[in-house]
Every structure is written in C-alpha cells, then in structure tokens.
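Remarks on the structure that follows.
The values are calculated or read from the model by the stated rules, or taken from the named source; none is laboratory data. Model, not experiment: these values are computed from the prediction. Backbone-built Cβ (ideal geometry, glycine too); neighbour counts: all protein chains shown. For the accessible areas, the whole protein counts, side chains as well, though only heavy atoms, and no ligand, DNA or RNA atoms are used. Shrake-Rupley method; radii C 1.70, N 1.55, O 1.52, S 1.80 Å.
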Amino acid sequence: MNNQPLGGNEMPRFSGPSTMMRLPSQATAEGLDACFVGIGLDIGTSHRPGTRFGPRQIRQESAMIRPYNMATRLSPFDHLQVADIGDVPVNTFNLQKSVDIIKEFYDGILKYDAAPFTLGGDHTIVLPIIRAMAAKHGPVGVIHVDAHADVNDVMFGEKIAHGTPFRRMVEEGLVAPDKVIQIGLRATGYADDDFDWGRQQGFRVVQAEQIWYKSLAPLMEEVRQMMGNHPVYISFDIDAFDPAYAPGTGTAEPGGLTSHQGLEIVRGTYGLNLIGGDLVEVSPPYDQSGNTAVLASNILYEMLCSYAMRSGRKQPE
C-alpha cells in the first residue's frame, strides 16, 4: 500500500504533520520511488536572505494540496511510493562544506533509485545535486526556469554561489549542453555575456520577452523533442515568476512568467525521462501572504505528477 497524504477530512489542514503534503516521513529514501527533501540554505545568496526558511514554509502551505490532479487526471500516490525524508543537515557557517554535505546526502538518495524533489534553499544547491545526478546518470539534460542565467564565473571572487552553478556544471562536464534549456531569463545585466555565455555553450535560451502573452505548450513540445529519452532534471527558481505571483524571493525581477505558464512548463515535461527536480529561492520573510510558498508547493507537486507519468504507469487522457 503506497503512502497517501493525510486528507483534510481526516485531520484539519491547519493541523497534522508538518511534512510536504502531510505525507509520512522517514529517515532515508529506502523503499521509495520518489521523495521530498528540504535544503534550508541561504549563505549563497547575493541580495535578500531568508531562503533557509523556504522548506518549512513550502511544507506548511502544501497542506492544501489534494492528491488528485484534476487537470491531468492523475494521482501520483497511486503509482509511486513517496515520503518526506526531512532536511539536509547543512553547515550554516560554511558554504563549501554545505555543498559537500549536499552531494553526499543525494548520493545516499540515489543509492535507493529514488527521485528527489527538493525544497530550497538558494540556487547554490543545484550544483551538488547535479554532481550527484551526473555521477549516477552521466551528463544530464536540464530544464532551468529562472529570471537569471546563473552562469557568472565568480561572485565576490567566489566560484560557488547562487549565481554560478550553471557555469560550473558545464566546466565539470555534468550536463549535456545541447540538452539544457533556460526559460524566463529577463531584466538587466552587465553585458550580453550574461545570457549569451550559455548560448555559446549550446544551451537554448528563451528570454521572458519571447513568451509574453503566450501559451508555453508549443515550446514544451519542442523541449520534449529536444530531450528525447535523455535523463532530464528540472531546476525551477521561484523568481522566474513575475513578482505579482511570487513576491517572496530574494532577487525579484519584473516581467516574469505567470502562474499558468509555470504549470504549463512542468506539465509539458510529461513523458520525459525525468530524474528529479527542485524549487528554489522562496524567502518567507518577503512572502507575507504565503502565496509564493503556495505556488512553490504546487509546482513541486506537478513535478511529482510528471515523474509518475514518466514511469509509464498512466498516460494523459
């Protein structure tokens, strides 16, 4: 019998366990098809902090999510064994040590062949996660949804921070550059290279202005063709959304995605060889209504639905 989220008619949604979707918790990924895991890290941020509290807030706001996806007619928990395995014990005073801790933790998850879906935390965390993914799968494809390209060479002289991971991934051979797409990049920069460096490596870069007022279903059809059966990871920065939808983040930029477009992106990954995903940069101190964390929790749920579809146990109707 697969784990199921605790229902709202069994226990009021403002009560019960403080896990993702009020799922059962366990210490490791043993016996799981997929797991939710938190990384409360914000010492890699360059502007407003607070993402260390992101996992806790996302879990709290996930209590409203019901198990059945009305749009795709799928209940992922009928097809997958899922639990919340808690948080990575990062070193809150040392970023490099935290990166090493995260890599080791995800090696442990992947040992059990479970797909991790991560509640961030700042975007630094994607580097050690992809290091673990590439160690298991080889160079991976990435769907990177973000306002920023995160391809800086250094930030304040440091090679590892939340604005550098995608350059490090290329340098370390962790990704297949022709299977990396960045969606939603926008706003201001220092030079063309801020967005063009990725293009020069072979990334497909879709700036936000190219997709204003559009459905992203056609783009995601192209992405499915681009990825084929290659292992694909989704890294979704909440600041990809316009601040009207997600104000609770450290580096908000105007002119971003709508919530509808974000859902289209994740639902557009159905059928891909998905190996995991993350939702990063939720900063609760700037999320007074909780709506940023509500949106974040729903994007993570949609990733889990996509993983259930990837398993081939159910096809869209």
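General remarks:
- Taken over the range 262-288, the residue count meeting the criterion of being surrounded by fewer than 24 Cβ atoms within 10 Å (Cβ to Cβ), over 24 Å from PRO116 (Cα atoms) and either charged (D, E, K, R) or at pLDDT below 95 (or both) is 1.
- Pairing each residue of the range 60-83 that is farther than 12 Å from GLN4 by Cβ and part of a helix (DSSP H, G or I) with any residue that is among the charged types (D, E, K, R) and open to solvent by 50 Å² or more (accessible area, probe 1.4 Å), provided the two are 6+ apart or on different chains, yields C-beta distances under 8 Å for ALA63/ARG13; MET64/ARG13.
- Residue within the range 243-261 that is of a type in the set (D, E, K, R), open to solvent by less than 40 Å² (accessible area, probe 1.4 Å) and touching a strand residue (DSSP E or B) at 6+ places or on another chain (Cβ under 8 Å) present: no
- Restricting the range 4-27 to residues that are among the polar types (S, T, N, Q) and assigned to a loop (DSSP other than H, G, I, E, B), the residue that is surrounded by the most Cβ atoms within 10 Å (Cβ to Cβ) is THR19.
- Members of the range 112-131 that are open to solvent by 10 Å² or more (accessible area, probe 1.4 Å) and on the phi > 0 side of the Ramachandran plot: ASP113
- Restricting GLY44, GLY38, GLY50 to those that are touching a helix residue (DSSP H, G or I) at 6+ places or on another chain (Cβ under 6 Å), open to solvent by less than 50 Å² (accessible area, probe 1.4 Å), at pLDDT 95 or above and on the phi > 0 side of the Ramachandran plot reduces the list to GLY50.
Yes/no matrix, rows are residues, columns are (1) out of contact with any Phe, Trp or Tyr (no Cβ under 8 Å at 6 or more places or on another chain); (2) not aliphatic (A, V, I, L, M):
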position	(1), (2)
THR164	yes, yes
GLU172	yes, yes
ASP193	yes, yes
LEU219	yes, no
PRO231	yes, yes
PHE236	yes, yes
ASP239	yes, yes
THR249	no, yes
GLN261	yes, yes
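- Qualifying residue in the range 206-227 (condition: in a strand (DSSP E or B), at negative phi, out of contact with any Pro (no Cβ under 9 Å at 6 or more places or on another chain) and open to solvent by 40 Å² or more (accessible area, probe 1.4 Å)): yes
- Here is the figure for the range 115-156: residues that are assigned to a loop (DSSP other than H, G, I, E, B) and more than 16 Å from the chain's Cα centre (by Cα) total 7.
- Matching residues, the range 86-109, being outside any loop (DSSP other than H, G, I, E, B) and open to solvent by 10 Å² or more (accessible area, probe 1.4 Å): GLY86, ASP87, LEU95, GLN96, LYS97, ASP100, ILE101, LYS103, GLU104, PHE105, ASP107, GLY108
Condition check ((1) in a helix (DSSP H, G or I); (2) open to solvent by 20 Å² or more (accessible area, probe 1.4 Å); (3) of a type outside the set (Asp, Glu); (4) on the phi < 0 side of the Ramachandran plot) across all residues:
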site	(1), (2), (3), (4)
ILE160	no, yes, yes, yes
PHE166	yes, no, yes, yes
VAL170	yes, yes, yes, yes
PRO177	no, yes, yes, yes
VAL180	no, no, yes, yes
GLY184	no, no, yes, no
GLY189	no, yes, yes, yes
PHE195	yes, yes, yes, yes
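- Screening GLY202, GLY138 for residues that are open to solvent by less than 40 Å² (accessible area, probe 1.4 Å) and within 25 Å of LEU257 (Cα to Cα) leaves exactly one candidate, GLY202.
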